[in-house]
Number of protein chains: 2
Amino acid sequence: MNDGSGHSALTPQRDFARLFNPRGIAVVGASTDNTRIGGQPIPILQECGYRGGIYPVNPKYAGIGELKCYASVADVPQPCDLALVAVAGKLVPDVIRQCGKAGIAFATVFSAGFREVGAEGVALEAELKKAVAESGVRVIGPNCIGTMNLVDRVYCGFGVGFKNPNLKQGPVAFVSQSGGFAYSVVALAESEGMGFNYVVSAGNEADITTLELAADFLERVEVEVLVLYLEGVSDGRRLRALGARALELGKPILTWKAGNSAIGRAAAESHTASMTADYELYRAAFREGGFIEVRDVAEVVDIARVFLGKRMPRGSNIGILTTSGGSAVLMADECDRHGLTLPHFADSTVSAIEAIAPKHCALGNPIDLTAQISGHNEEFNQIVELALNDPNIDQMIVRYGTVQGARGAAWATDLVAIVNRVGKPVIVSLGRTLDSSRAATDIFDANRIPWVLTPTRTALAAGALGQYAEKQRRYLATKARGLNRVVARQPIPAASTQRLSEADSKKILGAYGIPVAKEQVLGPAAIMALAESPLKFPLAVKIDSPDIPHKTEAGAVRLNIDNLSALKAATATIVANAKSYKPDARVNGVLVAEMAVGTEVIIGVINDRFFGPVVMFGLGGVFAELLKDVTYRFAPFDVETAREMVAGIKAAKLLTGYRGSAPLAIEALADALARVSLLAADHADRIAEIDINPLFVNEHGIVAADALVVLKT
Amino acid sequence: MNDGSGHSALTPQRDFARLFNPRGIAVVGASTDNTRIGGQPIPILQECGYRGGIYPVNPKYAGIGELKCYASVADVPQPCDLALVAVAGKLVPDVIRQCGKAGIAFATVFSAGFREVGAEGVALEAELKKAVAESGVRVIGPNCIGTMNLVDRVYCGFGVGFKNPNLKQGPVAFVSQSGGFAYSVVALAESEGMGFNYVVSAGNEADITTLELAADFLERVEVEVLVLYLEGVSDGRRLRALGARALELGKPILTWKAGNSAIGRAAAESHTASMTADYELYRAAFREGGFIEVRDVAEVVDIARVFLGKRMPRGSNIGILTTSGGSAVLMADECDRHGLTLPHFADSTVSAIEAIAPKHCALGNPIDLTAQISGHNEEFNQIVELALNDPNIDQMIVRYGTVQGARGAAWATDLVAIVNRVGKPVIVSLGRTLDSSRAATDIFDANRIPWVLTPTRTALAAGALGQYAEKQRRYLATKARGLNRVVARQPIPAASTQRLSEADSKKILGAYGIPVAKEQVLGPAAIMALAESPLKFPLAVKIDSPDIPHKTEAGAVRLNIDNLSALKAATATIVANAKSYKPDARVNGVLVAEMAVGTEVIIGVINDRFFGPVVMFGLGGVFAELLKDVTYRFAPFDVETAREMVAGIKAAKLLTGYRGSAPLAIEALADALARVSLLAADHADRIAEIDINPLFVNEHGIVAADALVVLKT
């Protein structure tokens, strides 16, 4: 790789195999003082069982421990695939360049003093990026605490997280934007029996990003579950692609998103933008993709374990079988909260169970076999199998007290056979402590039968599995049918201002077939000269100006005009008001529009710099703004997705028929949402924001009564 | 106590001291077979260290193990304060009578076969209650698994929960309506270091209830935290009294409420009643009293531990000090979710911290001292003390990595001194596993400094403490000012029907000074004869009949009548419509009312059989019914509480001034709420339900436009 000229650059690696499993590792800035960062990687590598070459680099030493120490990266023997860099921040760019020349393809930079420390650090980080680009070396960090490959026992890092050589291994990878926190999660997860195979602290992401690492791990066969700790990403589209890929592979991404303050966009022009916090966009991405939001270590452990069971429910129907009334009631409550349904068991199932169950048991759903069944493994498991085979049941939770000793092991072994026979997902909810359940859980672990502590945690994990399965079905169906465009790409008129007037905004909507109010823009003089109304009363009259977006505030709107003289009077008033409100406003004329009736909704678009265009939908006014009863989808989408949006708001019943009122034209509404999404996606290079507020929906159709399109600057 | 006549009854005990700490225990139905329930209590009592007399009762045996066995309860030596009853269900009433004669004041009945098994069992339970009443014996159960007093080592029960003689002890009592589940919680809580002093499975509560037990434990000095697992109680007033007492004592009741399905009251007459699930009433009781709702074992452990710290924050301002950016961000998010505020530290605090903190630390709130501070105990603790002394800060979360070995112990010891010096609550958030934090947590436990695992759990516990403190302040303030009645008790007119007509309903509201629309009930003929309107146009015209509560549905309402001939026409129409809708309806006349304007709200009352009268408030129509944006308070209450109700709905801004609209007359609204609550409380013996829907609120005042009062049958 090094051509010896001293000026070559590596071909930048996109395959991270050698980053996590290097044949040799240079430790640059190695030290004999292990209170210093540079002193820690070598003992950690050795104690944790690294089998490749370790090459300390530090001109101050001839050797470190038993190892020969090299004066420079250039002197390090080959093959050496990775440099761990612990020198002072300002020396890092040069070290990276040296790595490039020496043919070392990867570096993990522990050094701090980059953008996290302010302006000076930002400059140094820019210098580092330049070194990365020029050298071709792929870099994790700077300001990270390292990476861990538990499969091959390659621990490349420093700090307390790396000082346990016996960490449990498991098919779960973890990429984190907070290093210290990640390794604390790993330690806590292990104390509940969950192991990882790769753990990476991404640091400042000057080169390799969290999403790039996540995408790499997701494709690895040995990674079955991916955990992400995220504070923010700068590539929302890539996050969405990652989510889609996860659903294709059937792997979940357990996503712990922090930093979700609800601050809207300060500089927004439209209502839509000003009421949309970044977190809403993340949530939209999480909702459509293979992400499962988690909020604590216990959720990571439980949901990961349920997915490692490798069985997906066909639907959201769950059966619960327990021996304690309290846990039955709690799990029923919590399953309901997490979107699962507890159907009745079929009559034939109930009669078959009745023949075996103890007297006076509750044979609904949940089934509570009471403590009377304790120790009766055979009967208990027969009932499990009957219930699991019920056609109404997609997955089951089973809770049983006999989990200790030989009887517990025998029960577990039988249960494994049942689950394998029936093929539906079963989660064992432990009624005992972890320690006292070991006889059973060891067998479950060996056979990938998930178990979870406490009724509340069990129901949450079952709900996560159910919701993921539903998302996967929806994703595959959407993918299979493709995007059914309800309208082909249309040209939109050129505009001279960034913020379009209402009439110009509506023209753009009209181009995509979105119904707008019947209207005309007329000069004031032309209105004064009218002998009869050009449109049907009642009418709305508004100033049409790109410089007056808030027309009501300017006194430049009059509604419910029902005769010609009122129209003329209103025209005079609003023209005068607009003039006094903003004397230099450019006025296109007076917009005269037929009044619409119906329920007010709002459709909005934000073209986010990270996520691209996203469409918001909600009921108008306070429903959207005060109660935040809105939903988001990324553009473009088709009518089927639009229908989900309409059904997805809490107040959806107001549209579908409420207390005897007729159902409104929600098909037309869904059609308009799909059209708005196509408009936003087709012209994402030009459109920054759209507000259609209000759009009226009545029994017969829809009509956009006001609109604002803001173009990109 | 036994007068020897064979017919005496004990004076029923209200002091449970001897129930939990008996001088002697009779085991009725004792068996040598410990796979049977009757075989378990004696070995459990012995192995767990019970020091009083144990008296097996069973005519089949002469002795059980080393113990003499008695043929009958009558033969048992005195003193004997408690019988553990494990005989067949049908024999239980007689055993209780025998206990009464023998002077045994308490019995815990394990036997099943009572109301939990249906009609036959219900009869047996009635028989048991009779035996209780006649004998004076106080009974726990039947169908319970027993009681545990860890202080005095009295384990009276059966099953796996009682088979650990070394359960950790702590100042927490647990009363549960599910026995098996409770002991599973106890075992799990112990694995996180939490101990209990009393644990009781209340069983069927044929005599002693969960609330009676809870009230007893709450008064005990050795009980500092009470845990309740509740499925339902039949005395809501007592639940409320318990909550009030908890606030007076400053003890929290951690309440795990299950069985919260959202089914409304099937037989309800009013909207209010039909949209109110039982769980809403429990939540109202939990909100006003010293209850903290919990949903998992971890919450029980964490919140209990925080309260055992015995320090109450003065307000909701929290400071966070950590060494990991990830945990800082997460805790800030979660504290916000749990009602805590992160204020800025004072400038003087920040400068003082700056002088000690490592470079490039984030000194906002959270303060992130980064891993650079690791091992620098002194500096870290100096910063803790500076931050804790900040006048803006009411409580703090502290997270630090050096918790192992001598350094960890030294750090913990110093922190204890700081907390004692400053006197504000501090929660230590552990960044490591429980096992590796032991050096520090042992010191914290000995000094009552609370510690919690994971950022999410820590913030939840801190939030619970903050919310409890706020409730306590509010409770004490309310108690200090007393109930400020805005209106004295008023008589309400007699009524001949259960469901009053609109006009009669409004008369009752009027008696309590609640403003109603200006209106008259006139005969149709009188209206036809009118020469001018008796009221100001526009008018509403409605049929006034106790038999037509849903007037709109009957076509018996006309609104916005603005002239006399329209009034006459409308009268003719609604009389005809009412006649054809319900030919036999009793019609009082036609209600003519001045139209009200403003924002529609709904005020409702349900007089719950368990909780008594409760007032509901929300915005009208879909806000209340579809979005469930309503709030509840028990009647009676004063204007101050009413103001909290108004401010407590999500859409409160619609009343207090939204997007430039003028604030509405919320003082008048609060006054009306207080009046409704007084009406409901003063006449709780007669009033079953009230609906005031809508009540209009405008800038100048309020007016009830429609009302329905339903009396008790």
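Worth a mention:
- Cβ-Cβ under 6 Å pairs, at least 6 apart or on other chains, region B:309-320 side over 25 Å from B:Val223 (Cβ atoms), far side open to solvent by 40 Å² or more (accessible area, probe 1.4 Å) and assigned to a strand (DSSP E or B): B:Ser316/B:Thr341; B:Asn317/B:Thr341
- Here B:Ala332, B:Ala328 are screened, and the one residue that is open to solvent by less than 20 Å² (accessible area, probe 1.4 Å), closer than 24 Å to A:Val297 by Cα and not aromatic (Phe, Trp, Tyr) is B:Ala328.
- Single match in A:Gly339, A:Gly401, A:Gly375 (criterion: in contact with a helix residue (DSSP H, G or I) (Cβ under 9 Å, 6 or more places away or on another chain), surrounded by fewer than 17 Cβ atoms within 10 Å (Cβ to Cβ) and in contact (Cβ under 8 Å) with a residue 40 or more places away in the chain): A:Gly339
- Selection within region A:480-533 - in a helix (DSSP H, G or I) and of a type in the set (Gly, Ala, Ser): A:Ala480, A:Ala503, A:Ser505, A:Gly510, A:Ala511, A:Ala525, A:Ala526
- Flag if B:Ala570 is buried (at least 22 other Cβ atoms within 10 Å of the Cβ) and of a type in the set (Gly, Ala, Ser): yes
- Looking at region B:384-458, the strands (runs of 3 or more DSSP E) lying wholly inside it that each contain 2 or more residues that are within 14 Å of chain A (Cβ to nearest Cβ) sit at B:426-430, B:451-453.
- Positions within region A:16-41 being open to solvent by 90 Å² or more (accessible area, probe 1.4 Å), of a type outside the set (Val, Ile, Thr) and either touching a Gly at 6+ places or on another chain (Cβ under 6 Å) or assigned to a loop (DSSP other than H, G, I, E, B) (or both), in sequence order: A:Arg23, A:Asn34, A:Arg36
- Hey, B:Ile96 surrounded by 15 or more Cβ atoms within 10 Å (Cβ to Cβ) and more than 30 Å from A:Gly375 (Cα to Cα) or not: yes
- Only one entry in B:Ala112, B:Ala102, B:Ala30, B:Ala86 is within 14 Å of chain A (Cβ to nearest Cβ) and modelled with pLDDT of 95 or more, namely B:Ala86.
- Top-ranked residue of region A:675-713 - restricted to ones that are in a strand (DSSP E or B) and out of contact with any helix residue (DSSP H, G or I) (no Cβ under 9 Å at 6 or more places or on another chain), ranked as nearest to A:Gly618 (Cα to Cα): A:Pro694
- Candidates B:Leu226, B:Leu239: the one that is crowded, with 24+ Cβ neighbours inside 10 Å, at pLDDT 95 or above and out of contact with any strand residue (DSSP E or B) (no Cβ under 7 Å at 6 or more places or on another chain) is B:Leu239.
- Some residue of region B:461-477 being under 36 Å from the mean Cα position of the chain (by Cα), within 14 Å of chain A (Cβ to nearest Cβ) and open to solvent by less than 10 Å² (accessible area, probe 1.4 Å): yes
- Considering the conditions (1) more than 30 Å from B:Lys251 (Cβ to Cβ); (2) assigned to a strand (DSSP E or B); (3) open to solvent by 10 Å² or more (accessible area, probe 1.4 Å), B:Ala83 is excluded by exactly one of them, (3).
- Test for B:Val703: is it within 23 Å of B:His550 (Cα to Cα), in contact with a Pro (Cβ under 6 Å, 6 or more places away or on another chain) and either among the hydroxyl-bearing types (Ser, Thr, Tyr) or more than 14 Å from chain A (Cβ to nearest Cβ) (or both): yes
- When A:Ser348 is tested against (1) outside any loop (DSSP other than H, G, I, E, B); (2) in contact (Cβ under 8 Å) with a residue 24 or more places away in the chain, exactly one condition is not met: (2).
- The set of residues from region B:95-140 being of a type in the set (S, T, N, Q) and assigned to a loop (DSSP other than H, G, I, E, B) comprises just one member, B:Ser111.
- Of all the residues in region B:114-123, those that are open to solvent by 10 Å² or more (accessible area, probe 1.4 Å) and farther than 30 Å from B:Ala17 by Cβ number 6.
- Pairs where the first residue, in region B:351-365, is within 14 Å of B:His376 (Cα to Cα) and the second is open to solvent by less than 40 Å² (accessible area, probe 1.4 Å) and in a loop (DSSP other than H, G, I, E, B), C-beta under 7 Å, 6+ apart: B:Ala357/B:Leu369; B:Pro358/B:Leu369; B:Pro358/B:Thr370
- When residues of region A:616-634 are limited to those that are within 12 Å of another protein chain (Cβ to nearest Cβ) and surrounded by fewer than 23 Cβ atoms within 10 Å (Cβ to Cβ), the one modelled with the highest pLDDT: A:Asp629
- Single match in B:Ala268, B:Ala262 (criterion: modelled with pLDDT under 95 and open to solvent by less than 50 Å² (accessible area, probe 1.4 Å)): B:Ala268
- Test set (1) closer than 24 Å to A:Gln520 by Cβ; (2) open to solvent by 30 Å² or more (accessible area, probe 1.4 Å); (3) touching a strand residue (DSSP E or B) at 6+ places or on another chain (Cβ under 8 Å) - A:Lys712 fails condition number: (1)
- Residue check for A:Val487: farther than 24 Å from B:Asp296 by Cα and touching a helix residue (DSSP H, G or I) at 6+ places or on another chain (Cβ under 8 Å): yes
- Residue within region B:155-169 that is without any contact (Cβ under 8 Å) to a residue 60 or more places away in the chain, hydrophobic (A, V, I, L, M, F, W, C), open to solvent by less than 10 Å² (accessible area, probe 1.4 Å) and in contact with a Lys or Arg (Cβ under 8 Å, 6 or more places away or on another chain) present: no
Condition check ((1) of a type outside the set (A, V, I, L, M, F, W, C); (2) open to solvent by 40 Å² or more (accessible area, probe 1.4 Å); (3) over 30 Å from B:Arg485 (Cα atoms)) across all residues:
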{"position": "B:Asp504", "(1), (2), (3)": "yes, yes, no"}
{"position": "B:Ile527", "(1), (2), (3)": "no, no, yes"}
{"position": "B:Ala540", "(1), (2), (3)": "no, no, yes"}
{"position": "B:Glu553", "(1), (2), (3)": "yes, yes, yes"}
{"position": "B:Ala578", "(1), (2), (3)": "no, no, yes"}
{"position": "B:Pro583", "(1), (2), (3)": "yes, yes, yes"}
{"position": "B:Ile606", "(1), (2), (3)": "no, no, no"}
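- Residues of region A:325-369 that turn out to be more than 10 Å from every other protein chain (Cβ to nearest Cβ) and on the phi > 0 side of the Ramachandran plot, as a count: 1
- The residues of region A:297-324 that are assigned to a strand (DSSP E or B) and more than 14 Å from chain B (Cβ to nearest Cβ), listed by number, are A:Asn317, A:Ile318, A:Gly319, A:Leu321.
- Tally, over region B:170-203, of residues that are surrounded by fewer than 24 Cβ atoms within 10 Å (Cβ to Cβ), at the interface with chain A (Cβ under 7 Å from one of its Cβ atoms) and not in a helix (DSSP H, G or I): 0
The values are calculated or read from the model by the stated rules, or taken from the named source; none is laboratory data. Note that the structure is predicted; figures quoted are calculated from it, not measured. Quick reminder, even Gly has a Cβ in these numbers, built from the backbone with ideal geometry, and neighbours come from all protein chains shown. Protein only, heavy atoms only, side chains kept; ligands, DNA and RNA dropped before computing areas. Shrake-Rupley method; radii C 1.70, N 1.55, O 1.52, S 1.80 Å.
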